[in-house]
1. Test each condition in (1) touching a Lys or Arg at 6+ places or on another chain (Cβ under 8 Å); (2) at pLDDT below 95; (3) of a type outside the set (Lys, Arg) for TRP470 and report the one that comes out false.
2. Give the residue, chosen from TYR446, TYR432, that is in a loop (DSSP other than H, G, I, E, B), under 19 Å from the mean Cα position of the chain (by Cα) and buried (at least 19 other Cβ atoms within 10 Å of the Cβ).
3. Take the conditions modelled with pLDDT of 85 or more and not assigned by TED's automatic domain parsing to the domain that holds GLU191 and apply them to ALA245. Does it pass?
4. Among (1) surrounded by fewer than 16 Cβ atoms within 10 Å (Cβ to Cβ); (2) part of a strand (DSSP E or B), which single condition is THR571 missing?
5. Scanning segment 86-98 for residues that are modelled with pLDDT of 95 or more and touching a helix residue (DSSP H, G or I) at 6+ places or on another chain (Cβ under 7 Å), which turns out farthest from PRO34 (Cα to Cα)?
6. Anything in segment 92-138 that is among the hydrophobic types (A, V, I, L, M, F, W, C), in contact (Cβ under 8 Å) with a residue 40 or more places away in the chain and either touching a strand residue (DSSP E or B) at 6+ places or on another chain (Cβ under 8 Å) or more than 17 Å from ALA59 (Cα to Cα) (or both)? List them, or say none.
7. Which numbered condition trips up ILE319, out of (1) under 24 Å from ILE401 (Cα atoms); (2) surrounded by fewer than 18 Cβ atoms within 10 Å (Cβ to Cβ); (3) at pLDDT 95 or above?
8. If GLN525 passes every condition in (1) outside any strand (DSSP E or B); (2) touching a strand residue (DSSP E or B) at 6+ places or on another chain (Cβ under 7 Å); (3) within 25 Å of LEU352 (Cα to Cα) but one, which one does it miss?
Amino acid sequence: MMQSDVIEADLNHITITDPFLGEYQRLIRDVVIPYQWEALNDNIPDAEPSHALANYRIAAGLEPGEFYGMVFQDSDVTKWLEAVAWSLSQKPDAWLEQTADEVIELLAQAQCEDGYLNTWYTVKEPGLRWTNVAECHEMYCAGHLFEAAVAFFNATGKRRLLEIACRFADHIDTMFGPNEGQLRGYPGHPEIELALMRLYEVTLEPRYQALARFFLEARGQQPYYYDIEFEKRGGSWHWDNWGDAWMVKDKAYTHAHKPLAEQSEAVGHAVRSVYLMTGLAHVARMTQDEEKRQTCLRIWNNLVQRRMYITGGIGSQGIGEAFTSDYDLPNDTAYAESCASIGLMMFARRMLEMEGDAHYADVMERAFYNTVLGGMALDGKHFFYVNPLETHPKSIPHNHIYDHIKPVRQRWFGCACCPPNIARTLVTIGHYIFTPRPDALFINFYAGTQAQFTVSGGDLKLTISGNYPWDERVDITFTHPQPVEHTLALRLPAWCDNPQILINGEAAVGKRRKGYLHLHRQWQQGDCITLLLPMTIRRVYANPLVRHGAGKVAIQRGPLVYCLEEADNGTQLHNLSLPEKSVFREIEGTGVLKGKVLLQTEGKRVATPSDDQPLYHFDRQQTVIEKQTLTFIPWFSWANRGEGEMRIWIQEA
């Protein structure tokens with residue numbers, strides 16, 4: 001069990017004050033969390049039912065009924081609880097906290113005497129626990145429970161959910177491991193590895209760290225555990241619609257084809273891959289394991305240099321929600337699941353904690369400000385599971401390669417992993433903005449915040465203000481009453497060619513190291529750092545090996561990738577082109593885009609031919625080119641004005 005005498009609540013306080021992200025956090029608090037509560041209770045008209053809370057009530061014996069939903073349906077509830085916890089740490093809410101307490105008591109009633117907690121197996125398949133860890137998400141659901149428990153304890157100081165989590169972790173620790181009589185298995189969907197490390201950091205129970213290491217080190221060893229349990233089950237499998245036990249047999253799909261120390265590519269299911277690497281990076285840092293660190297570096301480099309979209313999306317094919325091969329990044333069939341970019345942020349954060357390199361913050365910011373923000377509509381009630389870089393709505397209903405593509409966000413999903421995942425990420429964004437390390441407090445991007453950190457020199461309090469990512473100026477002021485000597489590491493974004501940094505009006509003098517400017521001094525109340533980060537409008541070109549970007553260009557301003565949308569530019573976006581030397585101007589968005597910077601420039605359009613023009617012709621002269629003003633909007637905000645075409649990559653004339 002946990003060592004109760006060493007547990008302390010999180011002493012680092014971070015409050016988002018940013019006008020842009022602050023509105024998102026208000027949406028999460030006032031709209032998304034209540035909306036998802038209604039969804040979890042099946043009270044949303046025209047949305048797919050969840051039944052997740054009903055499953056817990058049935059498992060607890062509080063009502064009759066049958067299990068409904070996916071094998072991982074439990075995780076929707078615990079991700080919601082985690083979002084609630086982080087929201088409570090931002091702004092107390094007595095009703096919300098009481099509601100969460102009641103849900104936690106429901107989980108306690110559903111928990112078995114030996115600590116086991118999973119409603120699928122309690123209600124639907126009793127007696128079959130731990131017989132299909134390759135496919136059935138028991139440890140994935142456990143991981144999300146552990147994360148929620150840590151968050152709720154840190155937010156409220158309450159230990160009830162933490163006790164539930166530790167009882168379940170203790171049960172798993174008795175079932176799995178290298179000792180005689182234990183199962184040598186490891187999860188088909190990683191998540192528990194990173195969650196056990198978070199549980200370890202709060203409880204300091206060494207068995208949790210050891211169990212995370214076991215799951216990482218057992219993966220890919222022969223004989224393959226998935227084959228052993230498959231044979232014990234008599235050759236049965238869970239996902240009938242995939243046929244022939246595909247998830248069991250395709251070991252690369254779960255990074256289980258060989259030991260992690262021998263792997264060098266991001267493969268298989270994108271979410272599983274980055275969740276696994278997040279846990280591996282955490283263990284590597286905490287245990288100073290160089291072999292694990294090198295594995296993280298290899299797979300990270302393959303992922304971001306060859307298999308990541310310009311938006312920070314990952315996983316380029318719908319079949320299996322998976323990676324394909326190097327440089328295979330189709331735009332209109334991109335999968336780029338919202339959860340995958342959240343997992344990429346988590347992986348990047350752990351690498352940043354280990355390496356102190358701004359490269360990881362660059363990727364983290366790219367994923368967040370583009371794909372993660374784009375996964376939720378501006379009203380907080382509609383969501384993208386899949387995030388394509390190009391859509392042509394008229395083709396989607398008639399071509400099955402687009403079966404996974406939605407041209408507008410949906411109210412909910414039968415597989416509802418993304419909405420609560422987006423919610424919990426948006427309310428924890430402060431922990432991505434800052435990275436406290438022993439050598440320095442790293443500031444990774446510059447959204448408005450008020451923060452307090454306990455460092456070796458005392459309590460460091462600071463406020464970041466500005467209008468990031470729209471305006472170039474950012475101010476960091478210090479508010480602690482007593483002088484504090486410490487190092488601040490300020491990220492110099494890769495998208496900014498000429499950043500300027502002042503301290504109290506004078507040029508800052510510090511050491512540039514791995515993309516950060518390290519400033520060491522005694523910080524006093526009233527000190528002010530001013531950053532000027534010119535938001536230059538930049539053209540982005542893909543590596544020539546990316547065939548889907550050949551002859552095309554994308555537009556980026558600051559961390560934001562821009563796109564063309566039918567609402568501004570009409571249909572047939574594929575017939576638009578951007579001249580090489582066109583000059584952009586910035587304009588203020590209106591309507592739902594109010595407060596956002598839009599871009600305009602003069603471009604060209606291939607004129608729509610007459611109805612009698614042949615399908616193909618030999619005479620290029622028949623192609624008429626017209627001038628057209630092109631309007632680009634931040635890609636994360638597309639599909640908020642109805643259904644229409646969209647594309648990021650445009651032909652360069």
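1. Of the numbered conditions (1) touching a Lys or Arg at 6+ places or on another chain (Cβ under 8 Å); (2) at pLDDT below 95; (3) of a type outside the set (Lys, Arg), the odd one out for TRP470 is (2).
2. Within the list TYR446, TYR432, the selection yields TYR446.
3. No.
4. Looking at each condition in turn, THR571 falls short on (2).
5. Looking at the filtered set, the residue picked out is GLU97.
6. Within segment 92-138, LEU96, ALA100, TRP130, VAL133, ALA134, CYS136 meet the criteria.
7. Result: ILE319 passes all but (3).
8. Against the list (1) outside any strand (DSSP E or B); (2) touching a strand residue (DSSP E or B) at 6+ places or on another chain (Cβ under 7 Å); (3) within 25 Å of LEU352 (Cα to Cα), GLN525 comes up short only on (3).
The values are calculated or read from the model by the stated rules, or taken from the named source; none is laboratory data. Worth saying up front: this structure is predicted, and the values here are computed from it rather than measured. Positions of Cβ are generated from backbone atoms using ideal geometry, with glycine treated the same way; all protein chains shown enter the neighbour counts.
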